[in-house]
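Worksheet for the structure shown next.
The values are calculated or read from the model by the stated rules, or taken from the named source; none is laboratory data. Keep in mind the model is a prediction, meaning the values are calculated, not measured. No Cβ is skipped: glycine too gets one built from the backbone with ideal geometry, and neighbour counts run over all protein chains shown.
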Amino acid sequence: MANKSTNYKGYSESSLVVSIDQASKLVGKNDVIFIDTRNYWKYANGHIPGAFNLELYAFHWVDTSKQGISAFAKQMQMLFRSIGLDPRKRVIFYQNNSGYDAARGVWLLNYLGHEKASLLDGGLNLWKRKHLPISTRDPTPPKKTSEFVAKLDDSIVATLDSLSKSNSFQILDARNAGEYNGTYQRAFKAGHIPGATNVEWKLALRKDGTLKDANQLRKRYSSLAEDAATVTYCQSGYRAAHSWLVLRLIGFKDVRNYLGSWYEWANREDVSVE
């Protein structure tokens, strides 16, 4: 494990995040791509200079069958080709705070085999508070699409099949308490995946929208065993991606995001819920 005292905020996997101060020095670099994950109209109102806009929340996916995963990977490969991604480039995802759309981007690129991906800690809100440059211009698009080829890392994704056939995972439900206990029914069934522990994703954030430090996060997730194979899920795999990133930051090695999450699980008649 990396030396926690020298890493950003004491994180074990600090490459998964980047500070505002670090990121501000990377604007305009040819080997760095900034991706604004908000919707286009918010992006057009002001964004980090040169950033591309990919509204990642628009890309829900609820079919984790073999064929479904293949189709998802093909679509995402095309998406990142359109902004000129290649193996040499580092990608920094951001939104207004250290939220789950940006975290979804980090998980997604790692899943596609591109590990040079980071979340901007504090997002655009902190960027503005530090009076850093803002642009309203769209970036110049690449002259041609890249030849980025996805090399899927199956070790960081969970599917309906893998989760329903194995009881070896500890399961983290990243939704709020009402969704977890069935007060809010957002699918055919209400409740949670049997055996799941509930820690809402946003408890990893400070009031200013930045991530808590490693010691604070370890206390928050102390109900989970760091050395156990862990699956995170939520309603659609976004908040779960945030919890995936947070657990990786504090030293969990085997963490998987259930891509289909509750949308897939709770709309099936052949799986059980609590």
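Some points to look at:
- Any hit, segment 114-126, residues being in contact with a helix residue (DSSP H, G or I) (Cβ under 6 Å, 6 or more places away or on another chain) and either farther than 22 Å from residue 205 by Cα or assigned to a helix (DSSP H, G or I) (or both): yes
- Search result, residues across segment 229-272 that are more than 14 Å from the chain's Cα centre (by Cα) and closer than 22 Å to residue 15 by Cα: 229, 230, 250, 251, 252, 253, 254
- Some residue of segment 100-110 being closer than 25 Å to residue 239 by Cβ, free of Cβ contacts under 8 Å to residues at least 12 places away in the same chain and assigned to a helix (DSSP H, G or I): no
- Qualifying residue in segment 264-274 (condition: in contact with a His (Cβ under 9 Å, 6 or more places away or on another chain) and closer than 20 Å to residue 118 by Cα): no
- Criterion (under 22 Å from residue 51 (Cα atoms), at pLDDT below 95 and not β-branched (Val, Ile, Thr)) met by exactly one of 130, 116, 165, 143: 143
- Of all residues in segment 179-186, at least one satisfies being at pLDDT 95 or above and crowded, with 18+ Cβ neighbours inside 10 Å.
- Test result for residue 147, in contact with a helix residue (DSSP H, G or I) (Cβ under 9 Å, 6 or more places away or on another chain), surrounded by fewer than 18 Cβ atoms within 10 Å (Cβ to Cβ) and within 25 Å of residue 247 (Cα to Cα): no
Okay, residues lined up against (1) surrounded by fewer than 21 Cβ atoms within 10 Å (Cβ to Cβ); (2) at pLDDT below 95:
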site: 8; (1), (2): yes, no
site: 17; (1), (2): no, no
site: 41; (1), (2): yes, no
site: 69; (1), (2): yes, no
site: 80; (1), (2): no, no
site: 87; (1), (2): yes, yes
site: 98; (1), (2): no, no
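- Failed item in (1) surrounded by fewer than 23 Cβ atoms within 10 Å (Cβ to Cβ); (2) in contact with a Ser or Thr (Cβ under 6 Å, 6 or more places away or on another chain), with residue 74 passing the rest: (2)
- Single residue of segment 12-32 satisfying the filter (over 17 Å from the mean Cα position of the chain (by Cα) and not in a loop (DSSP other than H, G, I, E, B)) that is farthest from residue 91 (Cα to Cα): 21
- Pairs with Cβ under 8 Å, 6+ apart, first in segment 206-218 and under 15 Å from residue 120 (Cβ atoms) and modelled with pLDDT of 95 or more, second assigned to a loop (DSSP other than H, G, I, E, B) and among the small types (Gly, Ala, Ser): 208/122; 209/98; 209/99; 209/122; 210/98; 210/122; 211/98
- The residues on offer are 162, 236, 155, 243, and the sole one that is surrounded by 17 or more Cβ atoms within 10 Å (Cβ to Cβ), part of a helix (DSSP H, G or I) and among the polar types (S, T, N, Q) is 243.
- In segment 187-210, residue surrounded by the fewest Cβ atoms within 10 Å (Cβ to Cβ) [restricted to those that are touching a helix residue (DSSP H, G or I) at 6+ places or on another chain (Cβ under 6 Å) and more than 30 Å from residue 268 (Cα to Cα)]: 209
- Of residues in segment 43-61 being within 16 Å of residue 135 (Cβ to Cβ) and either free of Cβ contacts under 8 Å to residues at least 40 places away in the same chain or surrounded by 16 or more Cβ atoms within 10 Å (Cβ to Cβ) (or both), the one farthest from the chain's Cα centre (by Cα): 50
- Checking 191, 178 one by one, the residue that is small (Gly, Ala, Ser), more than 15 Å from residue 260 (Cα to Cα) and part of a loop (DSSP other than H, G, I, E, B) is 191 and no other.
- Failed criterion for residue 205 (all others in (1) over 20 Å from residue 187 (Cα atoms); (2) not assigned by TED's automatic domain parsing to the domain that holds residue 183 hold): (2)
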